[in-house]
């Protein structure tokens, strides 16, 4: 069931469908350790249904984090 809270929506994660952008595309993390973070798609692992994401650095750190995430944990950012 879809519930509205102003301009935001709450959906069960099992109802989401990931849109994987082209390499170099921007993504938002939807679940897991990096929830809410934004990053760049670096590589897609088709056989494992995962992708390598470079999470944008934040705060005092100038070092970015590269992690592998399952498709269901991120999605393309539409600008």
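Of the residues making up region 22-55, those that are more than 10 Å from residue 74 (Cα to Cα) and not in a strand (DSSP E or B) are 22, 23, 24, 25, 33, 46, 47, 48, 49. If residue 47 meets every condition in (1) modelled with pLDDT under 95; (2) over 27 Å from residue 10 (Cβ atoms) apart from one, which number is that one? The one condition residue 47 does not meet is (1). Output the residue which, of all residues in region 5-21 that are in contact with a strand residue (DSSP E or B) (Cβ under 8 Å, 6 or more places away or on another chain) and not in a loop (DSSP other than H, G, I, E, B), is modelled with the highest pLDDT. Restricting to residues being in contact with a strand residue (DSSP E or B) (Cβ under 8 Å, 6 or more places away or on another chain) and not in a loop (DSSP other than H, G, I, E, B), the top hit is 10.
Residue 77 falls short on exactly one of the conditions (1) within 13 Å of the chain's Cα centre (by Cα); (2) loosely packed, with under 15 Cβ neighbours inside 10 Å; (3) at pLDDT 95 or above, and that condition is (3).
For region 32-49, a residue qualifies if it is within 17 Å of residue 21 (Cα to Cα) and either in contact (Cβ under 8 Å) with a residue 40 or more places away in the chain or in contact with a helix residue (DSSP H, G or I) (Cβ under 7 Å, 6 or more places away or on another chain) (or both), and exactly one does: 49.
The values are calculated or read from the model by the stated rules, or taken from the named source; none is laboratory data. Just so you know, these numbers come straight off a predicted model, no measurement behind them. Methodologically, a virtual Cβ is constructed for each residue, glycine included, from the backbone with ideal geometry; neighbour enumeration extends over all protein chains shown.
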